[in-house]
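S.K.: Below you'll find the structure I mean.
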Amino acid sequence: MRQSATPSPAPTAARPRWWIYRGTGEPLRDTTLGDLLPPPPPWRVFHGEPVLGAPPKDEAETTRRLGTHQPAGYTSAFAYREAEMVNAALMLRRPLLVSGRPGTGKSSLAYRISRELRLGRVLRWHITSRTTLQRGLYEYDAIGRVQDTAAMRAAAGDTAPDGEASTTPPEVGDYIQLGPLGTALLPHSEPRVLLIDELDKSDLDLANDLLSVFEEGSYTISELRRARRRHPLVRVMTDDPDGEAEISAGIVNCRAFPVVVMTSNSEREFPAAFLRRCLLLHMPEPGESDLAAMMAAHFGADMAEEWGGPLIAQFLERSRGLGGLAIDQLLNAVHLATSRDGEGEEGDLRSLVEAVWHRLDGTAPGARQG
């Protein structure tokens, strides 16, 4: 799936005043997204209760993904278009489907949004050919509960006259774990950021299965729904570390629709009904200034200035020759180059670069084509 090319304003174009996400890398100050975000369209209003507080932070993971910060004054040639689509997704409460070649930084967008809008830990759902909607929403460990119940009864050693053990079985909520999608749809006071990574790796039915959840902003936990008369309120585990949430009558309703970033390597087409409910963004190849900014974010401005020019030029040339390299391959080369403290010959460094800048199509380094 490719988005048709749309001319973007020049990088220096003024950002519209209605934008909330500005793509600068600078977190919001003295305000929150909840203060800035206008009401949703009437057909995208949700009323989940009880309202949950702020999500946990995960600065270590964000820094690992993005580096320390975006260099001051840097503006990507693509930043305007990217910010435009992110703001549209925020305003419309719609998922954003980001396509592009592997290694162009599509998944990083979720972390940039979370950092700038101060939305806490990114919920990540990595998709494979075996992924189902159920796994994204929640999992119920029925076997574990049966085994624990049997162990409790055996340890208690007291059986009622009618043959039924008197030991109370463990709470059902202890065996329900919400997935990334299920956690994102809890009634948070502000949107959670949900990264659905490599959606095109999924089974053909997953995109269609997501339609109802995205439209309704809710889902049912069948095991709790059946037991709602005996257990109207149940606490379950969430996808956050040590996270818990209270579920009423087995139904989860969101309040602030999550910021959903779905990535695709453009390896397959999605159903028209699914695309109609998403906003589309195609991630272009990073340019020289983009790569220099990424180097500065991870290694510092001085290191990027010293090593950036020659390595970036070599990287871009080799990327064109091999049909595209990934950004992390450049960062790997910079780390190797800067870790040697000037030891060795230039030829040694060149051989190291050759080792990490290999093709991404499965062809072995040095293999002949034809």
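The values are calculated or read from the model by the stated rules, or taken from the named source; none is laboratory data. Remember, it's a predicted structure, so these values are computed and weren't measured experimentally. In this analysis, Cβ positions are derived from the backbone assuming ideal geometry, glycine residues included, and neighbour counts consider all displayed protein chains.
S.K.: Here are some residues: G179, G103, G136, G120. Which one is among the small types (G, A, S) and modelled with pLDDT under 95? Let's see the steps before the verdict.
M.R.: On the way: G179 fails: modelled with pLDDT under 95; G136 fails: modelled with pLDDT under 95; G120 fails: modelled with pLDDT under 95.
From the options G179, G103, G136, G120, the qualifying one is G103.
S.K.: When you go through (1) part of a loop (DSSP other than H, G, I, E, B); (2) out of contact with any Leu (no Cβ under 7 Å at 6 or more places or on another chain) one by one for P191, which number turns out not to apply?
M.R.: It fails just one condition, (2).
S.K.: Any idea which of (1) at pLDDT below 80; (2) within 27 Å of the chain's Cα centre (by Cα) is the one L330 doesn't satisfy?
M.R.: (1)
S.K.: Looking only at the stretch 10-53, count how many residues are surrounded by 12 or more Cβ atoms within 10 Å (Cβ to Cβ), farther than 14 Å from L90 by Cα and modelled with pLDDT under 90.
M.R.: 5
S.K.: When the stretch 133-151 is examined, which residues are found to be exposed (fewer than 13 other Cβ atoms within 10 Å of the Cβ) and under 28 Å from E61 (Cα atoms)?
M.R.: none
S.K.: Right, here's the next one. Under 8 Å between Cβ atoms, at least 6 apart or on separate chains: pull out the pairs that start in the stretch 28-45 with a residue that is touching a residue at least 12 places away in the same chain (Cβ under 8 Å) and end on any residue that is of a type in the set (S, T, Y) and not in a helix (DSSP H, G or I).
M.R.: Pairs found: G34/S189.
S.K.: Residue under question is E139, and the condition is that it be in a strand (DSSP E or B) and over 30 Å from E26 (Cβ atoms); does it hold?
M.R.: On the way: in a strand (DSSP E or B): yes; over 30 Å from E26 (Cβ atoms): yes.
Yes, satisfied.
S.K.: So if I check each of S351, S289, which one is surrounded by 12 or more Cβ atoms within 10 Å (Cβ to Cβ) and either at pLDDT below 75 or of a type in the set (S, T, Y) (or both)? Can you show your working first?
M.R.: Working: S351 fails: surrounded by 12 or more Cβ atoms within 10 Å (Cβ to Cβ).
Unique residue meeting the criteria: S289.
S.K.: Further question: Just wondering, is there one or more residues in the stretch 107-123 that are part of a loop (DSSP other than H, G, I, E, B) and closer than 17 Å to I327 by Cβ? Give the derivation first.
M.R.: Initial filter on the stretch 107-123 (part of a loop (DSSP other than H, G, I, E, B)): 107, 118-122.
Next, only the ones that are closer than 17 Å to I327 by Cβ stay: 107.
Checked the stretch 107-123: at least one residue is part of a loop (DSSP other than H, G, I, E, B) and closer than 17 Å to I327 by Cβ.
S.K.: What is the residue count in the stretch 272-287 for residues that are closer than 16 Å to D200 by Cβ and in a strand (DSSP E or B)? Outline the logic, then answer.
M.R.: So the first thing to find is which residues in the stretch 272-287 are closer than 16 Å to D200 by Cβ, and the list is 272, 274-275, 278, 280-283.
With in a strand (DSSP E or B) added as a condition, the list becomes 280-282.
Looking only at that region, the number is 3.
S.K.: Turning to a different aspect of this structure: Would you point out which residue out of D242, D209, D205, D197 is on the phi > 0 side of the Ramachandran plot and charged (D, E, K, R)?
M.R.: Details: D209 fails: on the phi > 0 side of the Ramachandran plot; D205 fails: on the phi > 0 side of the Ramachandran plot; D197 fails: on the phi > 0 side of the Ramachandran plot.
Of D242, D209, D205, D197, the one residue that is on the phi > 0 side of the Ramachandran plot and charged (D, E, K, R) is D242.
S.K.: Exactly one of (1) at pLDDT 95 or above; (2) under 22 Å from R64 (Cα atoms); (3) not aliphatic (A, V, I, L, M) is unmet by R93. Its number?
M.R.: Unmet condition: (2).
S.K.: For the stretch 207-219, state whether one or more residues are part of a loop (DSSP other than H, G, I, E, B), at pLDDT 90 or above and under 30 Å from P56 (Cα atoms).
M.R.: Filtering the stretch 207-219 down to residues part of a loop (DSSP other than H, G, I, E, B) leaves 217.
Next cut, at pLDDT 90 or above only: 217.
Now drop any that are not under 30 Å from P56 (Cα atoms), which leaves 217.
Checked against the condition, which is being part of a loop (DSSP other than H, G, I, E, B), at pLDDT 90 or above and under 30 Å from P56 (Cα atoms), the stretch 207-219 yields at least one hit.
S.K.: Take L336 and tell me if it is hydrophobic (A, V, I, L, M, F, W, C), surrounded by fewer than 18 Cβ atoms within 10 Å (Cβ to Cβ) and outside the structural domain of F214 (by TED's automatic domain parsing). If you could, list the steps in order and put the result at the bottom.
M.R.: Working: hydrophobic (A, V, I, L, M, F, W, C): yes; surrounded by fewer than 18 Cβ atoms within 10 Å (Cβ to Cβ): yes; outside the structural domain of F214 (by TED's automatic domain parsing): yes.
So L336 fits the description; yes.
S.K.: Let me ask something else about it. May I ask you to list the residues in the stretch 102-112 that are of a type in the set (K, R) and over 24 Å from A273 (Cα atoms)? Can you show your working first?
M.R.: Going through the stretch 102-112, the residues of a type in the set (K, R) turn out to be 106, 112.
The one that is of a type in the set (K, R) and over 24 Å from A273 (Cα atoms): R112.
S.K.: Something else now. Looking for something under 30 Å from N332 (Cα atoms), among the charged types (D, E, K, R) and in the same structural domain as P40 (by TED's automatic domain parsing) - is there at least one such residue anywhere in the stretch 220-237?
M.R.: Initially, the stretch 220-237 is screened for residues under 30 Å from N332 (Cα atoms), giving none.
No, the stretch 220-237 contains no residue that is under 30 Å from N332 (Cα atoms), among the charged types (D, E, K, R) and in the same structural domain as P40 (by TED's automatic domain parsing).
S.K.: Right, next: Among the residues that make up the stretch 65-76, is at least one of them without any contact (Cβ under 8 Å) to a residue 40 or more places away in the chain, of a type outside the set (S, T, Y) and within 23 Å of H298 (Cα to Cα)? Spell out the reasoning first.
M.R.: So in the stretch 65-76, the residues without any contact (Cβ under 8 Å) to a residue 40 or more places away in the chain come out as 72-73.
Checking which are of a type outside the set (S, T, Y) leaves us with 72-73.
Filter once more, so that each one left must be within 23 Å of H298 (Cα to Cα): 72-73.
Yes; the residues of the stretch 65-76 include at least one that is without any contact (Cβ under 8 Å) to a residue 40 or more places away in the chain, of a type outside the set (S, T, Y) and within 23 Å of H298 (Cα to Cα).
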